[in-house]
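Written below as structure tokens is the structure these notes are about.
The values are calculated or read from the model by the stated rules, or taken from the named source; none is laboratory data. The structure presented is a predicted model; accordingly, all values stated were derived computationally and were not measured. Note that each Cβ is placed from the backbone with ideal geometry, even for glycine, and that neighbours are counted across all protein chains shown. In case anyone asks, the SASA skips ligands and DNA or RNA and just uses the protein heavy atoms, side chains included. Shrake-Rupley method; radii C 1.70, N 1.55, O 1.52, S 1.80 Å.
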Amino acid sequence: MKYSSVNRNIEELKKQVSVLPDKPGIYQYFDNTGKIIYVGKAKSLKKRVSSYFSKNHENRKTALLVRAIADIKHLVVETEQDALLLENNLIKKYQPRYNIRLKDDKTYPWIVIKNEPFPRVFQTRNVIRDGSQYFGPYTSVMTVRTLLELFRKLYKLRTCKYNLSKENINSGKLKVCLEYHIGNCLGPCEGYQAEEDYKKYIDEIRDILKGNIAIVINYLRELMQRYAENFKFEEANEVKEKLHILEKFQNRSTVVSSTITDVDVFSIDVVEKAAFVNYLKVINGAIVQTYTTEIKKALDESKEELLEYAIVDIRQKIFSNAKELLVPFQPEFEMENVNFKVPVRGDKKKLLDLSLRNAKYFRLEKEKQQILAKPKDNTKRILETIKKDLQLKELPVHIECFDNSNLQGSNPVAACVVFKNGKPAKKEYRHFHVKTVEGPDDFASMQEIVYRRYKRLIDEEKSLPQLIIIDGGKGQLGMALNALEQLNLRGKISIIGIAKKLEEIFFPGDSVPLYLDKSSESLKVIQFARDEAHRFGITFHRQLRSKNFIKSELEEIPGIGDKTVQSLLRQFKSLENLKNQPYDTVAKEIGDSKAVKIFNYFKLKR
């Protein structure tokens, strides 16, 4: 297209824009082949569209878009929210070149409750708008399997594909299958189960998927009580087992605050060419769903525009009807029956911070994957990954990890292992006898050992690590911090704690843990250091206990003192080895008179 024809076309478009209505709606830009190249929404179509043609655009992509416009079409809608939803749907349908790219989630699994008599509940990756209810998307297949397994334990649901209409059931043509005979189904196909009873199962499942587990638990408690009062103890016991499973499942949810009921939380982390939006669903004080998506920029969109797109897309996707949305800044648009809040303190602010951390972590994972794809030095790449994941100030070339060992409260010891360039430096491993702590006190022991380790390094003017790993949760981490404080090292060395059960990473002053991906290289190095410290500490502890056992038994022999025992331990290492020695070998070490006493003692014991 020649320059003069471009100018002529823009003038014609300006005339077309001048007659646009001053009302909310969506607009579509077409190129000279009739293809949609951009879809936008506006509070005022006239003002928004005219802005494209009334100024010079510094952004190159925007300038290219304007030059490529050959035709404009628009659609007026009733409200701004209608414009948001229509814009979102058109972007997904046509994927215009100059619009942002919303990540395609077709690979993520959902749980569906089918719209049919005696509904089936199963996993799917295809959302079909047939009146069925979809819950998700879930980023973890394991979460979906866990939920479905929970439902199988709690409820006897059908898995067959029969059309269980009343006519088909009454006709007698349908027959129960193996699932009925092995007790996994109650046989609704032959009328053995009433639809009303089955519907109660589905209502409870729906509540669980929505996060309303407390409602189901309260109902089951009342039901169990009624059964017990009517002496139906077998039925009461069945309900009790369901309660146990549900309460166990509920305990896995991250509880944030009992005062927060039905809230959606959105946060955004923006980089040069993309944005990462995290979503948290909070029901009855617990986080029941989390989801992060990546948005590719097209025209250098603002963070307000990017978050706006994401909120509409995610709420549509997960069928959310929450009336309160927590966001990092006040959006420029309104949604019907929705109250946007920007928390500045309290539990809601903590939730928003947690959401932002998840968005940043998702971005770090993406960046890490890009680093992995590049042929760089493996060691440096791993250290860079750890630095990014843990947001360290320095590259963690030198890492040290601490673990306590005091099995059954005896021989309290600790271990410190050293990693250099991501690999064990075994010659620098150190054992510690706990000296100032009485009894099995892991917290106080940790403070003593960390203090002693770095007091010595400072006194000997040796290099300090860039990262300290504490095997334990917030308690052990806090005591290690106290030790660093005493040495004026707090803030000068990065320190984290790793809790074993869920592999939670704790940071100083932050009660919310970081969850690294199970396949993360950072987590693997941290786990390796933790496991190595545990192995090294346990080995030392067992050696001590073994020596103490030998010592205590030898000290029972009349005429055998502490010096003799120490001499035997140095020479023969174990009691079993000592028993297998010939008389002459033992006599050579401790003399004939003592050797006779030892041999007579073990001879009598046999």
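Observations on the model:
- Förster radius 45 Å - calculated FRET efficiency between CYS177 and LYS501, Cβ distance, rounded to 0.05: 0.65
- For the chain, alpha-carbon Rg over 2.2 N^0.38 Å: 1.36
- A Stokes-Einstein calculation at 25 °C with viscosity 0.890 mPa s, built on the Kirkwood radius of region 424-494 over Cα pairs, returns a diffusion coefficient of 191 µm²/s.
- Using C-alpha pairs under 8 Å with a sequence gap of at least 6, the mean separation divided by the residue count of the chain gives a relative contact order of 7 percent.
- Degrees between helix 303-318 axis and first principal axis of the chain (Cα, 0 to 90, nearest 10): 80 degrees
- Per residue accessible area of the chain, 1.4 Å probe, in Å²: 55 Å²
- Unit charges on C-beta of K, R, D, E only; dipole of the chain, Debye: 1760 debye
- D_trans [Stokes-Einstein, Kirkwood Rh over alpha-carbon pairs] for region 43-99, 37 °C, 0.692 mPa s, µm² s⁻¹: 253 µm²/s
- Cα centroid separation, region 258-314 to region 469-517 (Å): 29 Å
- Using the Cβ-Cβ distance between PHE122 and ASP262 with R0 set to 30 Å, the FRET efficiency from 1/(1 + (r/R0)^6) comes to roughly 0.70.
- Applying 1/(1 + (r/R0)^6) with r as the Cβ-Cβ distance of ARG490 and ILE10 and R0 = 56 angstrom yields a FRET efficiency of 0.35.
- About the centre of its Cα atoms, region 138-177 shows a dipole size close to 140 debye [charges on the beta carbon of Lys, Arg (+1) and Asp, Glu (-1) only; nearest 20 debye].
- Across region 347-353, coupling constants 3J(HN,Hα) worked out from phi with the 6.51/-1.76/1.60 Karplus curve, θ = phi - 60°, read 4, 5, 5, 4, 4, 4, 5 Hz, and Gly and Pro carry x.
- Between helix 378-389 and the chain: long-axis angle, C-alpha atoms, 0 to 90°, nearest 10: 70 degrees
- Intensity falloff of region 181-232 expressed as log10 I(q)/I(0), Debye formula with alpha-carbon point scatterers, at q = 0.14, 0.27 Å⁻¹: -0.51, -0.98
- Carbon/sulfur fraction of accessible area - the chain, other protein chains in place, 1.4 Å, %: 49 percent
- When +1 charges are put on Lys and Arg Cβ atoms and -1 charges on Asp and Glu Cβ atoms, the dipole computed for region 281-336 relative to its Cα centre reaches about 380 debye.
- On Cα atoms only, tilt of 233-250 relative to the major axis of the chain in degrees: 80 degrees
- At q = 0.17, 0.18 Å⁻¹ the log10 of I(q)/I(0) for region 378-470 amounts to -0.78, -0.85, computed by Debye summation with a single uniform scatterer per C-alpha, solvent ignored.
- Heavy atoms of ARG125 accessible to a 1.4 Å probe, total area in Å² rounded to 10: 100 Å²
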